[in-house]
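Accompanying notes for the structure given below.
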Amino acid sequence: MKQAMSRVLRRETHSSRAPLSVIAAILLGLLAVYGLLESMLRVLGQPAWLIDPLTAAQRLAGLPAGISAMLLGATGALLLLVGLIFLSHALLPGRRARHVIADPRVAVVVDDEVIASALARRTRMAAGVTREQVMVVVSARTVQVNVRPTSGIMVDEDHIRASVEAELEAMALDPAPAVVVNLARTGVVGV
């Protein structure tokens, strides 16, 4: 039961690799079908559809002859970019914007926007400011709280941090993010 729950939680908090794998398989399949088509046309003595396979192989073997350095460089850069996208998608964890709330009986996954909304409400109450004066950004490891105080009214940064940390502790998020509070140097005129 516990292993099944951890598998479900992992699936809900990490993105799937399937879409990019399907795209790669389709592209390779189309390339293989095209190569087969051109080879069959050559065997049957018909003219090539786009380029003769033997001619293509000779041109590849003879690179960089016959191609401008600019075009060759752009093609290499494009291939490098596509390769880096595939490699990073394969190696990086692919975390979704979600956190797990620790509970021994049920699997609870909460979207980071919901957590940010709750923390923004708690920050507004602690700082005594309006909704437009608070912005909270939740990421995998940090919670960034940005507050623009009302002009002439002092706001206690430690009190805000303690309130947000207490709310996070009550949520029991896994992993528990660190809190960073940023108070703007300029204030908002009137409320």
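With an a/c value of 1.5 or above and a/b larger than b/c for the gyration tensor axes a ≥ b ≥ c computed over the alpha-carbon atoms, region 98-154 is described as prolate.
Stretching the chain fully between R42 and D111 yields a gain of 19.2 nm (0.36 nm per residue, less the alpha carbon separation).
Computed from backbone phi with θ = phi - 60° and the Karplus coefficients 6.51, -1.76 and 1.60, the 3J(HN,Hα) list for region 115-127 is 5, 4, 5, 5, 5, 5, 4, 5, 5, 4, 5, 5, 8 Hz; x is used for glycine and proline.
Of the peptides 162-174, 14-26, how do they stack up when ordered by the mean number of other Cβ atoms within 10 Å, highest first?
Details: 162-174: 15.9, 14-26: 11.5.
Top to bottom by mean Cβ count within 10 Å: 162-174, 14-26.
Note on A162 and V82: with the Förster distance fixed at 45 Å, the Cβ-Cβ geometry gives a FRET efficiency of about 0.40. Size descriptor for region 2-91, Kirkwood hydrodynamic radius: 16.9 Å (Cα pairs only, one decimal).
Karplus-derived 3J(HN,Hα) values for region 150-160, using 6.51 cos²θ - 1.76 cosθ + 1.60 with θ = phi - 60°, are 6, 4, x, 10, 6, 10, 8, 5, 5, 5, 5 Hz; glycine and proline are entered as x. Take the Cα of D174, go 7 Å toward its beta carbon, and the backbone nitrogen atoms of region 71-103 under 12 Å from that spot belong to 100-103. When the alpha carbon coordinates of the chain are projected onto the principal axes, the ranges are 84, 50, 22 Å, largest first.
Evaluate the relative contact order of region 27-124 (contact order divided by residue number), counting alpha-carbon pairs under 8 angstrom at least 6 apart; express in whole percent.
Values: 34 pairs, mean separation 10.6, N = 98.
Normalised by residue count, the contact order of region 27-124 is 11 percent.
The protection proxy used here, the mean number of other Cβ atoms lying within 10 Å of each residue, ranks peptides 136-148, 37-49 as follows, highest first: 136-148, 37-49. Solvent-accessible area of the chain (1.4 angstrom probe, protein heavy atoms only): carbon and sulfur portion equals 65 percent. Neighbours of Q133, meaning other residues whose beta-carbon lies under 10 angstrom from its beta-carbon, give a summed charge of +2 when Lys and Arg score +1 and Asp and Glu score -1. Centroid-to-centroid, using Cα positions, region 79-128 and region 133-174 are 17 Å apart. Summarising the strand pairing of the chain, around 65 percent of its internal DSSP beta bridges are antiparallel. As I understand it, the dipole of the chain uses +1 on the Cβ of Lys and Arg and -1 on the Cβ of Asp and Glu, about the Cα centre. Which of V147, G73, V114 lies farthest toward its positive end? Going by the charge dipole, the pick is G73.
The distance between label points at M135 and L91 comes to 3.3 nm (points 7 Å beyond Cα on the Cα→Cβ vector). Our analysis of region 118-191 gives Rg over Rh at 0.97, with the two radii drawn from alpha carbon positions and Rh computed by the Kirkwood formula.
The orientation-averaged shadow of the Cα convex hull for region 32-75, equal to a quarter of the hull surface, comes to 3.7 nm².
The values are calculated or read from the model by the stated rules, or taken from the named source; none is laboratory data. Just so it is clear, the model here is predicted, and its values are computed rather than measured. Note that we place each Cβ from the backbone using ideal geometry, even for glycine, and neighbour counts take in every protein chain shown. Keep in mind that these areas ignore ligands, DNA and RNA; they rest on the heavy atoms of the full protein, side chains included. Shrake-Rupley method; radii C 1.70, N 1.55, O 1.52, S 1.80 Å.
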